[in-house]
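Below is one structure, written out as structure tokens; comments come after it.
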């Protein structure tokens, strides 16, 4: 190999920043370089297009051995100001609180905005069904579906599919939560 690390593209679920990440970080957790939000880099190493990073909870909330929370970063505070957060709300925030507020304000803003063509194109690329695309009414809906298309089916989904009579071949072919939801709908329709 020539010593140059292969770079993967991820979109931060908190601020939509495009992140270029060395392939060695695939499957790891970290923070967005722009907003400081906690993310997991779960995706496909062979995909050349941007993938949605997953939102993760910060372990410091549940593990006191990791020390006290760090104050919100300047990048987080700047991004919160850009989202319209009142200045008094920003005082004393730690990184986790800032990330949660970013998510809340971004979700609120995105609920009122239609999905972008880029989001719709990416959803088609990920294999979203026409029915799933028909339910995407906002940027927030598109973001949730993108994340669902990247996450593996849950145990509850598999259990429900088995109860609906899904074949072993159907279950083995499932690669995402969204695909499992689509199959549940298909098998549930009369």
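Quick note: the coordinates plus some simple rules give every number you see, no bench work behind them. Here the structure is a predicted model, which is why all the values come from computation and not from measurement. Reconstructed Cβ throughout: ideal geometry from the backbone, glycine too, with neighbour counts over all protein chains shown.
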Exercise. Can you tell me the Rg and Dmax of segment 68-137, counting just the alpha carbons, in angstroms?
Worked result: 16.2, 47
For this session: List the extent of the Cα atoms of segment 7-111 along each of their three principal axes, largest first, rounded to whole Å.
Result: 45, 36, 22
Exercise. On full extension of the chain, what length is gained from residue 189 through residue 167, given 0.36 nm per residue of separation minus the C-alpha to C-alpha distance?
Worked result: 6.3 nm
Problem set entry | Crossing angle, helix 117-126 versus the chain [Cα axis fit, 0-90 degrees, rounded to tens] | 50
Seminar exercise, completed: What helix-only [θ] at 222 nm does the chain give? Using -39500 (n - 2.57) per DSSP H run of at least 4, over all residues, to the nearest 500, the answer is -12500 deg cm²/dmol
For this session: Put one equal scatterer on each alpha carbon of segment 85-175, apply the Debye formula with no solvent term, and list log10 I(q)/I(0) at q = 0.19 1/Å to two decimals.
Result: -0.95
Problem set entry | Pairwise label distance in nanometres, residue 7 with residue 82, each label 7 Å out on the Cα-Cβ vector | 1.9
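Taking only the Cα atoms of the chain, how large is their convex hull per residue, in Å³?
In the chain, the Cα convex hull volume per residue is 166 Å³.
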